[in-house]
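Novice: One structure is given below, represented as structure tokens, and several questions about it will come after.
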Amino acid sequence: MIKHFTNDNFSTEVLEASKTTPVLVDFFATWCGPCQVQGPIVDDLAKDMEGKAIVGKLDTDQAIEVARQYGIMSIPTIIIFRNGEPAERFTGVQEKEFLANALTSA
């Protein structure tokens, strides 16, 4: 199931997530063409990773505070958080298999 992160829930849903569960955050905007390509990939990944990882999206226009905090300058940007800290960061459209491997590798 895909999560929707906001300024209000980012801390509890991402930073305070279970220490053993990685969290993938897709930073996007509705007007962004490449984000429209990345979106369905992330949706599909969320289904495949159910119970193994938390997968969600954050609209940078709606959650400007969080986007600034993580220096999002280009979208789509994907950050994988481990233990409440950014562990990996990817900019541009990424393939599902690549993201799945990044989530499952320690």
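Novice: Return the residues of region 26-49 that are closer than 12 Å to Lys96 by Cβ, in contact with a helix residue (DSSP H, G or I) (Cβ under 9 Å, 6 or more places away or on another chain) and among the small types (Gly, Ala, Ser); say none if nothing qualifies.
Specialist: Within region 26-49, no residue meets the criteria.
Novice: Only one of Phe98, Phe90, Phe81 is closer than 18 Å to Thr12 by Cα and at pLDDT 95 or above. Can you tell me which?
Specialist: Just a single option satisfies the conditions, and that option is Phe81.
Novice: I'd like the full set of residues that are assigned to a loop (DSSP other than H, G, I, E, B) and out of contact with any Gly (no Cβ under 7 Å at 6 or more places or on another chain), limited to region 2-16. Write out each step before concluding.
Specialist: Restricting attention to region 2-16, the residues satisfying the condition of being assigned to a loop (DSSP other than H, G, I, E, B) are 2, 6-9, 16.
Those that are assigned to a loop (DSSP other than H, G, I, E, B) and out of contact with any Gly (no Cβ under 7 Å at 6 or more places or on another chain): Thr6, Asn7, Asp8, Asn9.
Novice: Of all residues being in a loop (DSSP other than H, G, I, E, B) and free of Cβ contacts under 8 Å to residues at least 40 places away in the same chain in region 17-37, which is surrounded by the fewest Cβ atoms within 10 Å (Cβ to Cβ)? Just the residue, please.
Specialist: Thr20
Novice: Do any residues in region 78-106 that are touching a residue at least 60 places away in the same chain (Cβ under 8 Å) and aromatic (Phe, Trp, Tyr) have Cβ atoms under 7 Å from those of residues that are in a helix (DSSP H, G or I) and buried (at least 17 other Cβ atoms within 10 Å of the Cβ), where the two are at least six apart or on different chains, and which pairs are they?
Specialist: Once the first residue is touching a residue at least 60 places away in the same chain (Cβ under 8 Å) and aromatic (Phe, Trp, Tyr) and sits in region 78-106, its partners that are in a helix (DSSP H, G or I) and buried (at least 17 other Cβ atoms within 10 Å of the Cβ) give Phe81/Val14.
Novice: Next up: When you check Val66 against the structure, is it buried (at least 17 other Cβ atoms within 10 Å of the Cβ), of a type outside the set (S, T, N, Q) and in a helix (DSSP H, G or I), yes or no?
Specialist: Here the answer is yes, as Val66 does meet what is asked.
Novice: If you don't mind, another one. Specify the residue that is nearest to the chain's Cα centre (by Cα); the eligible residues are those in region 69-81 that are in a loop (DSSP other than H, G, I, E, B) and surrounded by 12 or more Cβ atoms within 10 Å (Cβ to Cβ).
Specialist: Among residues in region 69-81 that are in a loop (DSSP other than H, G, I, E, B) and surrounded by 12 or more Cβ atoms within 10 Å (Cβ to Cβ), the one nearest to the chain's Cα centre (by Cα) is Pro76.
Novice: What is the residue count in region 38-63 for residues that are buried (at least 21 other Cβ atoms within 10 Å of the Cβ) and part of a helix (DSSP H, G or I)?
Specialist: Within region 38-63, residues that are buried (at least 21 other Cβ atoms within 10 Å of the Cβ) and part of a helix (DSSP H, G or I) number 3.
The values are calculated or read from the model by the stated rules, or taken from the named source; none is laboratory data. Since we're looking at a predicted model, the values are computed, not measured. All Cβ positions, even for glycine, are placed from backbone atoms using ideal geometry, and neighbour counts span all protein chains on display.
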